[in-house]
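Scroll down for the structure; my scribbles are underneath it.
The values are calculated or read from the model by the stated rules, or taken from the named source; none is laboratory data. Worth saying up front: this structure is predicted, and the values here are computed from it rather than measured. Note that each Cβ is placed from the backbone with ideal geometry, even for glycine, and that neighbours are counted across all protein chains shown. In case anyone asks, the SASA skips ligands and DNA or RNA and just uses the protein heavy atoms, side chains included. Shrake-Rupley method; radii C 1.70, N 1.55, O 1.52, S 1.80 Å.
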Amino acid sequence: MGFREDGQAALDWAARYLENVGDHPVLAQVAPGEIRSRLPAHPPDRPEPFADVLRDVDEVLLPGITHWQSPRFFAYFAVSGGEPGILAELLAATLNNVGILWRTSPASAELEALTLDWTAELLGLPEGWHGHIEDTASVSTIAALAAAREATGGKVVVCSEEAHSSVTRAARLLGLETRTTPTDDAFRLRMDALDLTDAAAVVATVGTTSTTSVDPVAEIADACAEAGVWLHVDAAYAGASWVCPELRWSQAGVERADSLVVNAHKWLFTPMDCSLLWTSRPDELRAAFSLVPEYLRTRDDVENISDYGPALGRRFRSLKLWAVLRCYGREGLQARIREAIRLAELFEGRVRAAPGWEVCAPRPFSVVCFRRDASDEENEAILERVNASGELFISHTRLGGRYVLRLAVGNERTTDDDIERAWKSLQSAI
Ligand SMILES: Cc1ncc(COP(=O)(O)O)c(C=O)c1O
């Protein structure tokens, strides 16, 4: 069969998958090694038909898939790879452009700049910031902290104890020390404990990984300005919510950041991977990363995005973001974000109304932290039981030393019925 027929079959497969994704057990119900053991140990000598690949995806790999696209995927940060983004990925792979310089893919370079400007406008960010795409927030933060190190000469990265582990990892990689600051009873960085001695940067989080708490960014910005310290804001998850004006309370102070990361692959309906990094100080990023070997020298009077981050060859990631922004529009994005928050509120209401259950943290966005009024072991057993049922997938965290369950809403297919099913499963897992 040719490309067209195989492509048709793959697209049919994708459409069927998305139509029925809610029917699969959400968490893959396989043992470690099981999938590999069902596959040939050695590569084929002769070419095989693509149809065989597709068949094996269905029969062998699918049981080993944890369904991130499922409406009852409630673990970590629940996400959606939106359909326009899926199709755009096909086009990007077809073009197979490698954006090392403007001239190796002018459309990719210019669309990336445009989509970052569009997204900045949608999120209400300051005009004129320089934006580009990295693969993940981990790498965006590495890029930002490399610039901070270059710009300040500081040796320490300061963040709250609720900051994501990628901050410590970036610091370690850059030879910087991490200083964690305690949080208050709403899991926000405590200003009275902020110590900026020898600091290169503060990483403030808007939407922490455990509870989605929001650090006092405006006050942190004051302290950073006074001490000459770089302010990087990690809004990997919650930054997307700023598309809704009523949620921009959490943006206060972000306009004074030196850099900001928002993951389009978290809550902007763009398939993995697509991390948006903006900076108000692009010269510092260039100083940290620009290095042009002879074979890449041109007389083009243009910007090369590879001067702003660790990668040279870059995927055409902006194509999928552009497709999502166009096909959903501001209103479509707002409706999806508001719906996720409404559904999280619905779930939170169920927990609050049920004796023997407790909500364990404020809920600024679409993540509910809760637990059964019982031992840590019993809560962990509830999590294991519901995840093993395949009905839903949730994850956990630890707050104030206690084991806490987390239900995150973010999939665009999630409905009231999915929330009720999740709640029923949890109750019957006691
Ligand atoms: C607040 C926050 N920052 C950063 C990250 C890292 O994201 P990525 O997987 O894109 O590196 C996460 C991951 O969930 C996160 O929750």
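Tabulated results
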| quantity | calculated |
| --- | --- |
| Residue match in segment 345-356 (condition: in contact with a Leu (Cβ under 6 Å, 6 or more places away or on another chain), part of a helix (DSSP H, G or I) and not aromatic (Phe, Trp, Tyr)) | no |
| Whichever residue in segment 100-109 is open to solvent by 10 Å² or more (accessible area, probe 1.4 Å) and not in a helix (DSSP H, G or I) and, among such residues, is farthest from ALA10 (Cα to Cα) | LEU101 |
| Pick from segment 249-272, criterion touching a Lys or Arg at 6+ places or on another chain (Cβ under 8 Å) and open to solvent by 10 Å² or more (accessible area, probe 1.4 Å), ranking: farthest from the ligand (Cβ to nearest atom) | ASP258 |
| Single match in VAL217, VAL233, VAL203, VAL243 (criterion: open to solvent by less than 10 Å² (accessible area, probe 1.4 Å), closer than 23 Å to TRP267 by Cβ and in contact with a Cys (Cβ under 7 Å, 6 or more places away or on another chain)) | VAL203 |
| Any hit, segment 89-96, residues being closer than 30 Å to LEU231 by Cβ, in a helix (DSSP H, G or I), of a type outside the set (Ser, Thr, Tyr) and open to solvent by 40 Å² or more (accessible area, probe 1.4 Å) | no |
| Hits in segment 204-232 - residues which are within 16 Å of the ligand (Cβ to nearest atom), among the aliphatic types (A, V, I, L, M) and in contact with a Ser or Thr (Cβ under 7 Å, 6 or more places away or on another chain) | VAL206, VAL214 |
| Scope segment 118-141; condition in contact with a helix residue (DSSP H, G or I) (Cβ under 7 Å, 6 or more places away or on another chain) and within 9 Å of the ligand (Cβ to nearest atom); matching residues | GLU134, ALA137, SER138, THR141 |
| Segment 57-79 - residue that is of a type in the set (Val, Ile, Thr) and within 16 Å of the ligand (Cβ to nearest atom) and, of those, nearest to ARG336 (Cα to Cα) | VAL79 |
| Criterion (of a type in the set (Asp, Glu), crowded, with 19+ Cβ neighbours inside 10 Å and part of a helix (DSSP H, G or I)) met by exactly one of GLU121, GLU162, GLU112 | GLU112 |
| Unmet requirement for LEU277, which otherwise passes all of (1) within 30 Å of PRO362 (Cα to Cα); (2) free of Cβ contacts under 8 Å to residues at least 60 places away in the same chain | (2) |
| Any hit, segment 172-190, residues being more than 16 Å from the ligand (Cβ to nearest atom), open to solvent by 50 Å² or more (accessible area, probe 1.4 Å) and under 26 Å from LEU333 (Cα atoms) | no |
| Residue within segment 46-58 that is part of a loop (DSSP other than H, G, I, E, B), in contact with an Asp or Glu (Cβ under 9 Å, 6 or more places away or on another chain) and either open to solvent by less than 90 Å² (accessible area, probe 1.4 Å) or at pLDDT 95 or above (or both) present | yes |
| Residue, farthest from the ligand (Cβ to nearest atom), within segment 191-203, restricted to residues that are within 20 Å of LEU176 (Cα to Cα) and among the acidic types (Asp, Glu) | ASP198 |
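Results for (1) in a loop (DSSP other than H, G, I, E, B); (2) in contact (Cβ under 8 Å) with a residue 60 or more places away in the chain, shown as yes or no for each residue.
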| site | (1), (2) |
| --- | --- |
| ALA374 | yes, no |
| THR397 | no, yes |
| TYR403 | no, no |
| GLU412 | yes, yes |
| ILE419 | no, yes |
| TRP423 | no, yes |
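Residue-wise test of (1) small (Gly, Ala, Ser); (2) open to solvent by less than 20 Å² (accessible area, probe 1.4 Å); (3) modelled with pLDDT of 95 or more.
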| site | (1), (2), (3) |
| --- | --- |
| ARG281 | no, no, yes |
| ARG286 | no, no, yes |
| TYR295 | no, no, no |
| SER306 | yes, yes, no |
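Conditions tested, residue by residue: (1) at pLDDT 95 or above; (2) surrounded by fewer than 23 Cβ atoms within 10 Å (Cβ to Cβ); (3) in contact with a Gly (Cβ under 9 Å, 6 or more places away or on another chain).
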| position | (1), (2), (3) |
| --- | --- |
| PHE316 | yes, no, yes |
| TYR328 | yes, yes, yes |
| ARG338 | yes, yes, no |
| GLU348 | yes, yes, no |
| ARG352 | yes, yes, no |
| PRO355 | yes, yes, no |
| GLU358 | yes, yes, no |
